[in-house]
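Data first, discussion second: the structure below is written as structure tokens.
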Amino acid sequence: SQQEDDLRALAKIMDFLRQFYRGTLRSGQTLESETGIVVVGDVNPGAAVMANGSIVVLGAVKGSVYAGLGGDDSAFIVALDMDPIQIRIGNILAKSPDKPFSRRRIRKKVKETTTSPQIAYLKDGTICIEPLTKELLSDI
């Protein structure tokens with residue numbers, strides 16, 4: 001019937017919308033997805049995004065991101081600013097190097113930096129993070 005078709009169409013739309021999260025994830029917050037997910041916002045230190053598929057962050061990744069949790073080695077992670085504490089794709093986990101800690105407070109000039117979107121993917125059992133290019137996307 002028409003009503004059943006409408007309900008099925010609405011269910012498909014709702015499933016699609018569940019793949020998007022709008023907002024900044026703060027320390028202690030975890031976002032999980034059974035598929036891939038698009039985050040429109042930042043992933044702050046102490047926050048985590050976990051997905052069975054790929055993850056796209058339209059913002060900064062400074063927390064932890066785990067893609068391909070079901071063992072999907074073809075999953076990838078894209079972010080406008082990629083600086084994760086931890087990153088995992090499939091069964092491969094990587095951590096960012098410890099940043100040097102300075103006891104002195106140093107006032108730094110804030111300079112405008114233009115960071116390009118980056119993509120993290122598995123290649124020969126290693127997580128590679130590179131600038132996002134059209135050519136690289138076609139290879140994945």
Relative packing of peptides 71-77, 121-127 - highest average C-beta neighbours within 10 Å first: 71-77, 121-127
Förster-model FRET efficiency, 35 Å R0, Ala94 and Gln19, C-beta, rounded to 0.05: 0.90
Built amide H within the under 5 Å cut-off of Gly46, gap 5+: Ser64
Using θ = phi - 60° and Karplus 6.51 cos²θ - 1.76 cosθ + 1.60, couplings along segment 19-24 (whole Hz; Gly, Pro as x): 7, 10, 10, 10, x, 8
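Please calculate how many Å² of accessible area segment 33-80 carries per residue, with a 1.4 Å probe and no DNA, RNA or ligand atoms counted.
33 Å²
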Residue-count net charge about Ala47 - beta-carbon cut-off 10 Å; Lys, Arg +1, Asp, Glu -1: +1
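The values are calculated or read from the model by the stated rules, or taken from the named source; none is laboratory data. The structure presented is a predicted model; accordingly, all values stated were derived computationally and were not measured. Every residue, glycine as well, gets a Cβ built from its backbone with ideal geometry; the counts of neighbours run over all protein chains shown. Accessible surface is based on the protein model in full, side chains and every heavy atom, while ligands, DNA and RNA are left aside. Shrake-Rupley method; radii C 1.70, N 1.55, O 1.52, S 1.80 Å.
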